[in-house]
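What follows is a single structure, written as C-alpha cells, with notes after it.
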C-alpha cells in the first residue's frame, strides 16, 4: 500500500521515488519488528500520565511489563524479536521460491504441458517476452530489508549477541537468493 501511494505522488525522478519507497518500507518494517513488540511489553506505571484516567491511550499500555532487562525479558521479548527477524529471513526466501515456481508453472502451461521450449500459445511477441523474460528487478524492497537486518542486529545485538549470527545468516541467505534470481529470473 505504501508503494502504491508513493508511486501516485509522481516524484521528479524514478530514483527519488525508489528512495522514498525504500525509506517508508524500512521504517514501517523496523517499527513493526523492533518497537511495537517492546512497547507492548513495557511497563509505563512509573509515568504520571498513566495514572490519569483521561489519558486513555497510555492506559492501553499499562501492564505489569518489564522495566529492565531480566531473564524473563530475554525469554519473552528477546525471543519474540529474534523469532521475527529469523522468520523474516525464511519468509523472504520462501516468497522468492513460490514466485519462481509460479512463473515456471505459467511457462509450462503456456507450452501445453510439454518440455519443448519452442512451443507456445502466445499470439504476440510482446506477450511471449513478458512471460519468458521475467519481471523487472525492484531494489527498494530488498534494500529496505537489508537495512532492517542491519539496524535490528546493531540495535539489539549488544544485549542479545545471537542477533549477530542471525543477521549474518540473513545477509547470506539474501545474497544467495538475490544472486540466483538476478542470474536466472529477473530481466
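Here, each number is a calculation from the coordinates, and none is a lab measurement. This is a predicted model, so every value here is computed, not measured. FYI the Cβ positions are ideal-geometry reconstructions off the backbone, even for glycines, and counts take in every protein chain you see.
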So what's the range 133-184 giving for Cα Rg divided by 2.2 N^0.38 Å, two decimals? 1.33
Sites residue 119 and residue 169, calculated FRET efficiency, Cβ-Cβ separation with R0 30 Å, nearest 0.05: 0.10
Ranked by how many other beta carbons lie within 10 Å on average, peptides 11-23, 161-173 from highest: 161-173, 11-23
Sequence-separation-based contact order of the range 79-159, relative, with Cα cut under 8 Å and 6+ spacing, percent: 22
Please give the contour-minus-distance gain from residue 76 to residue 93: 0.36 nm per residue of separation, less the Cα-Cα distance, rounded to one decimal in nm. 3.5 nm
Label-point separation in nm, residue 31 to residue 132, each point 7 Å along Cα→Cβ: 4.6
